[in-house]
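These notes concern the structure reproduced below.
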Amino acid sequence: MKPLVRAYGGAMNICVFLSAADLDERYTSPARDFARLLGKAGHTLVWGGSDTGLMKVVADGVQEAGGRLVGVSVDFLAHKARPNADEMVVAGDLAERKALLLAKSDAVVVMVGGTGTLDEATEILELKKHGKHTKPVVLLNTAGFYDGLKAQFRRMEEEGFLPIPLADLVLFADDAPTALTHLEENIAAR
């Protein structure tokens, strides 16, 4: 699989895992801000491809700000896929979808979401823990949504369940500029 745009020239393919649910402004407004920053910086959004809920909010924001959209849907959700994405791939199952999302990205951001988003986040972190990828991962902790998860990860680190420092595994960012700056600096340092 050929890379879309490699980060070394400044533009990144940023995979964003997030909810497809309709959410209130405390989640949609920060998501829209992140999307605009991503698009304005010339980055490409790599996401689950849905044109519903928070996924639509982020895709709209990236596209309106001039960024590209690369969607990876899954066969049973293909009817919800965004029709005007720059690229849309339909995976046969969720495992293939996660693999394609990771393969097409330079970095990963986890935004608010439910069990699907949590599944994606933990798999990406598990792969990173075992050295299967070295891409930077950020959990965007909008409105303290991931405070409980952050506490759990700290406990895992303190009690010896993580073989690498938590800071090497993931950054918990409280806002969009912090998240994007971390990704850009991490990729530029490579």
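Throughout, read-outs are computed from the coordinates displayed, never taken from laboratory work. Quantities reported herein were computed from a predicted structural model and do not represent experimental measurements. So basically every Cβ, Gly included, is an ideal-geometry build from the backbone, and we count neighbours across all protein chains shown.
Within the straight-line cut-off of under 30 Å between alpha carbons, the lysines reachable from Lys150 are Lys40, Lys56, Lys98, Lys104, Lys128, Lys129, Lys132, Lys135, sequence neighbours fewer than 8 places apart in one chain being disregarded. For segment 1-90, the gyration tensor built on C-alpha atoms gives an oblate shape. Its axis ratio a/c (a ≥ b ≥ c) is at least 1.5, and a/b is not larger than b/c. So what's the angle, to the nearest 10 degrees on a 0 to 90 scale, between helix 25-40 and the longest Cα principal axis of the chain? The angle comes out at about 80 degrees. Counting charges near Val74 (Lys, Arg +1; Asp, Glu -1) among other residues having Cβ under 11 Å from its Cβ returns a value of 0. Between amide H atoms placed 1.01 Å from N, distances below 5 Å from Val74 occur with Ala91, all of them 5 or more places distant or on a separate chain. Amide hydrogen proximity for Val138: with H placed 1.01 Å from N in the peptide plane, the residues at 5 or more positions away or on another chain lying under 5 Å are Val108, Val109, Val110, Leu171.
Between Val62, Val138, Val90, the residue with the greatest mean-square fluctuation in the GNM of the chain (Cα pairs under 10 Å linked by springs) is Val90. Compared with the rule-of-thumb size 2.2 N^0.38 Å for a compact globular protein, segment 63-190 has a Cα radius of gyration ratio of 1.11.
Entry note, the chain: the mean residue ellipticity at 222 nm calculated from DSSP H runs of n ≥ 4, each adding -39500 (n - 2.57), is -13500 deg cm²/dmol after division by the residues and rounding to the nearest 500.
When you count the other C-beta atoms within 10 angstrom of each residue and take the mean per peptide, 26-35, 116-125, 13-22 line up highest first as 13-22, 26-35, 116-125.
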